[in-house]
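The values are calculated or read from the model by the stated rules, or taken from the named source; none is laboratory data. Treat the numbers as computed from the prediction; the structure is a model and nothing was measured. Remember, those area values only see protein heavy atoms, side chains included, never the ligands or the DNA or RNA. Shrake-Rupley method; radii C 1.70, N 1.55, O 1.52, S 1.80 Å.
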Amino acid sequence: MLSLTVPIEERDFTHADLLRASEVFLAASGKEVVPVARIDGVPVGNGAVGSVTKEVMRQFAGYTKGEEWK
């Protein structure tokens, strides 16, 4: 399981929620974890990949390579 120090919440969200988010990423088995930098031309957060997204990408990549999640 992912080991993150941030709260995780799974829920429905609105377009406005996405525009207010500091980080957004998509996860899918075929694409793994994909950061979202802009939504309708509006930067997400500061427009760069955030630290939480980078950590999720790192941990998921390790998992897909057979490494133990930590």
message: For a distance above 21 Å, tell me the whole-number percent of Cα pairs in the chain that qualify.
response: 29 percent
field: Accessible area in square angstrom per residue, the chain, 1.4 angstrom probe
entry: 79 Å²
query: Given 0.36 nm per residue, what is the gain on full extension from residue 3 to residue 26 after removing their alpha carbon distance, in nm?
result: 6.5 nm
message: List the residues, sorted by chain then number, that are 5 or more residues from residue 39 or on another chain and whose placed amide H is less than 5 Å from its amide H.
response: 44
query: Between residue 65 and residue 38, what length comes free when the chain is fully extended (0.36 nm per residue of separation minus the Cα-Cα distance, one decimal in nm)?
result: 6.8 nm
message: Using the Karplus curve 6.51 cos²θ - 1.76 cosθ + 1.60 with θ = phi - 60°, what ³J(HN,Hα) values do you get for each residue of the stretch 40-48, in whole Hz, with x for Gly and Pro?
response: 6, x, 9, x, 8, x, 8, x, 10
